[in-house]
Amino acid sequence: MRERQASQSARRDREFEAFVAGAAGRLLHAATLLTAEPAGDNPRARRLLGLSLAHTYAYWDRLHGEDPYDRARQYLATRFAREAWHRYGGGLGRARRRPVGTLGGLAPQERLILVLRLYEGVAEEQAAALLGLPVERVRTICDRATATLLHPPSGPAGPPAAAKTKTAKTAKTKAATP
């Protein structure tokens, strides 16, 4: 009996090691995109990856034909959402401190949906079910995040429009007078 359990345990470990060898790089990249940390210095992303892989290993025997990558990605996304919820004061949309990088200008929820939809290729319906949001909301957030990335807001806000107009009029008046 013990030999059989040891054999099953060894097989399980080999299967999981093969899964990690094939999927860990992509999962780490997804976690790095979610946390918006630099690729070389990403402790939060590595922590998310470790938690996701540990969760997947704990459920390995209960997958029953389910894709382990989907399970790991799902846990990675929900764990990120939960941490963002607690870190940013009860809302995924409100960020106190913006991370640097391309995705750093997006709110955590926008990053999460963008990574799921565009990087991981998860369907809108699946992303909505995973996050507990309506499909239309996922579509809207994804579109807004994509637009923000394609057309980033210009640097710091300048003077209000009225002040710009007044300054332009003053410059024209001074140029017209000899």
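The values are calculated or read from the model by the stated rules, or taken from the named source; none is laboratory data. Keep in mind that what you see is a predicted model, and the values were worked out from it rather than measured. Cβ: placed from backbone, ideal geometry, glycine included. Neighbour counts: every protein chain shown. Remember, those area values only see protein heavy atoms, side chains included, never the ligands or the DNA or RNA. Shrake-Rupley method; radii C 1.70, N 1.55, O 1.52, S 1.80 Å.
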Original post:
If E37 passes every condition in (1) within 19 Å of V115 (Cβ to Cβ); (2) open to solvent by less than 70 Å² (accessible area, probe 1.4 Å); (3) in contact (Cβ under 8 Å) with a residue 24 or more places away in the chain; (4) not in a loop (DSSP other than H, G, I, E, B) but one, which one does it miss?
Top reply: (4)
Original post:
Within the stretch 41-70, how many residues turn out to be open to solvent by less than 50 Å² (accessible area, probe 1.4 Å), part of a helix (DSSP H, G or I) and not β-branched (V, I, T)?
Top reply: 10
**OP:** Would you mind stating whether A95 is open to solvent by less than 60 Å² (accessible area, probe 1.4 Å), at pLDDT below 85 and not in a loop (DSSP other than H, G, I, E, B)?
**Re:** no
Original post:
In the stretch 121-142, what residues are exposed (fewer than 13 other Cβ atoms within 10 Å of the Cβ) and over 14 Å from A81 (Cβ atoms)?
Top reply: G121, A123, E125, P134, E136
